[in-house]
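Heads up, the thing below is written out as structure tokens.
The values are calculated or read from the model by the stated rules, or taken from the named source; none is laboratory data. These figures come from a predicted structure and were not determined experimentally. So basically every Cβ, Gly included, is an ideal-geometry build from the backbone, and we count neighbours across all protein chains shown.
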Amino acid sequence: FSPEQTRVAIYRSDGHTWSNANDYLPDSLSIVRLDQMVTESPLNDKELNLYSQPIITYKWLDNFTLEYTVPDIGNSSFTEAYVDWMKADNKPIKTILVEFE
């Protein structure tokens, strides 16, 4: 829940144990605005799509800002890049901030 409990982030994952591209299923993170009971899209999610990446961590910074981390695989969106990242010893991540109205 966001600090004032106006929104909730619902995280779904099939786990991160991919051994090949056929095993890959992205995580999803849905944001529900509780006063209207509607799902919400972020205002500024330009770098990544909130609904198509493996999500490593997420947390509310305030009632309007969600911070989440994802694998840093450069500009690649290929499933194989995520599988390679999963198998690597050094797993670089990047942090994304998204805002809501």
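Points to keep in mind about this one:
- Taken over the stretch 20-44, the criterion of being farther than 17 Å from Ile73 by Cα and modelled with pLDDT under 90 is satisfied by Asn22, Asp23, Ser28, Leu29, Ser30, Ile31, Thr39, Glu40, Ser41, Pro42, Leu43, Asn44.
- From the list Asp35, Asp14, the lone residue that is within 28 Å of Glu80 (Cα to Cα) and in a loop (DSSP other than H, G, I, E, B) is Asp14.
- Of all residues in the stretch 79-101 being within 21 Å of Leu29 (Cβ to Cβ) and basic (Lys, Arg), the one that is surrounded by the fewest Cβ atoms within 10 Å (Cβ to Cβ): Lys91
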